[in-house]
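**Student:** Before anything else, here's the structure in question.
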Amino acid sequence: MESEGVVHRKGLGKFKLTILMVAILFLVGCSNASIVKLSDKKYLNAVFERNNKIYSYDERKQQINEIGDKGISKELLAVSPNNKQIVYMERNEENKPDSPKIILQDIKSEKTSEIELNNESLRIITDLEWINDERILITSHINPSVLAYGVYNVDTKKEENFVMGILLGVYEEGEKLLYSKTSRKASENKSNIYINDTLIYEVDNSEEQIQDSILSEDYSKIALKTFTVDELSGQVKDKIYYGDFSKDYKISNIEEIELPSILYGSLKIKDNQLYLYNRDVSYKINGDLFTETELELDKQELDQPSEEQLTKFKQILSKKFPNEFIKDYLEMEELQIYNIKFF
């Protein structure tokens, strides 16, 4: 009887192992199924802007339909990271130019809601951007040197953060905004860096202007780049500051680096190493030494539809607008299509 019991337990163990393996295969299959390239999909959907209108595209139904009220101008389309919602600005010709409406729309149900902008500084909207699936960043023009930025929750429709200046970085899902702002005291105009309402750095030289700044991923390092223009010669001089950054927003051990006039680009801190990069080349910075190097910027490759899928889209677009010159070989910009997102 004991041996039969042992055999029974072994059989049960094999059964459990089989179930576990099936479950793992199922989960792996589900995981892989959730990462499907656009070119591998049988049918595509898309949203896009064209001639101050917004359209949805359904390849399966072979349809392109205008979104929203046909009598209202729409622009600044942005799609949420999970491809479930869109946000855009609409402005009725009867409305005042500085009274835009920010509309949220569920792509599947087409249900819409409005984010009411009670903030008087958010009137001349220049950009809408999703920070994550729950928050959007609204950018508004104030004057040539100052913009306003509002972070809004798409569920509550409430403003969760707001700053005025020139945005340098968005951190912690929009809870912290890094930006530069010029203080005007007496005859001096000094360029400062803030995180939300906290001043973290002030440039000593009033002629120096901050053009770029970035924090390391662990918030232990900060780098900023400034420029100064010689009024007589017109020559531009760039300088980099690199230092330690503490949790209480204090900067210390600042290293001042002269940027050679032949070098240009944006700053990047990776593994607490400072880099300067542009689209052609990257440099590792150690003191005054700039060494050309390879730098991975952690950019996600943009998933693109296949040529056949794009051709199909343009063919359906041609049927939607039969009186317009729409050919397969034309680029999206030539077709007056902007902010298109396939999914």
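**Student:** Does F313 satisfy being in contact with a strand residue (DSSP E or B) (Cβ under 9 Å, 6 or more places away or on another chain) and in a helix (DSSP H, G or I)?
**Tutor:** Yes; evaluated as a whole, the condition is true for this residue.
**Student:** Do we have any residue at all in segment 115-132 that's surrounded by fewer than 16 Cβ atoms within 10 Å (Cβ to Cβ) and touching a helix residue (DSSP H, G or I) at 6+ places or on another chain (Cβ under 9 Å)?
**Tutor:** Yes, segment 115-132 contains at least one residue that is surrounded by fewer than 16 Cβ atoms within 10 Å (Cβ to Cβ) and touching a helix residue (DSSP H, G or I) at 6+ places or on another chain (Cβ under 9 Å).
**Student:** For E134, state whether it is in contact with a Pro (Cβ under 8 Å, 6 or more places away or on another chain) and under 30 Å from L44 (Cα atoms).
**Tutor:** no
**Student:** Moving to a separate point now. With the requirement that a residue be under 18 Å from A223 (Cα atoms), part of a loop (DSSP other than H, G, I, E, B) and not aliphatic (A, V, I, L, M), what does segment 279-297 give you? It would help to see each step written out before you state the result.
**Tutor:** Quick first cut of segment 279-297, residues under 18 Å from A223 (Cα atoms) only: 282-291, 295, 297.
Now restrict to residues that are part of a loop (DSSP other than H, G, I, E, B): 287-288, 295, 297.
Scanning segment 279-297 gives G287, D288.
**Student:** Give the residue that is nearest to N132 (Cα to Cα), with candidates limited to residues of segment 191-203 that are in a strand (DSSP E or B) and open to solvent by less than 40 Å² (accessible area, probe 1.4 Å).
**Tutor:** So the residue we want is I195.
**Student:** With respect to K181, determine if the residue is open to solvent by 20 Å² or more (accessible area, probe 1.4 Å), at pLDDT below 95 and closer than 21 Å to G243 by Cβ. Break it down stepwise before answering.
**Tutor:** Details: open to solvent by 20 Å² or more (accessible area, probe 1.4 Å): yes; at pLDDT below 95: yes; closer than 21 Å to G243 by Cβ: yes.
Taking the combined requirement at face value, the residue satisfies it.
**Student:** Residues in segment 273-287: is at least one open to solvent by 50 Å² or more (accessible area, probe 1.4 Å) and over 25 Å from the mean Cα position of the chain (by Cα)? Give the steps one after another, and end with the answer.
**Tutor:** We begin by selecting, within segment 273-287, every residue open to solvent by 50 Å² or more (accessible area, probe 1.4 Å); these are 277, 279-280, 284, 286.
Those left that are additionally over 25 Å from the mean Cα position of the chain (by Cα): 284, 286.
For segment 273-287, residues open to solvent by 50 Å² or more (accessible area, probe 1.4 Å) and over 25 Å from the mean Cα position of the chain (by Cα): present.
The values are calculated or read from the model by the stated rules, or taken from the named source; none is laboratory data. Note that the structure is predicted; figures quoted are calculated from it, not measured. A quick note on method: Cβ atoms are made from the backbone with ideal geometry, for glycine too, and the neighbour counts reach across all protein chains shown. Just so you know, the surface numbers come from the protein's heavy atoms only, side chains and all, with ligands and any DNA or RNA stripped out. Shrake-Rupley method; radii C 1.70, N 1.55, O 1.52, S 1.80 Å.
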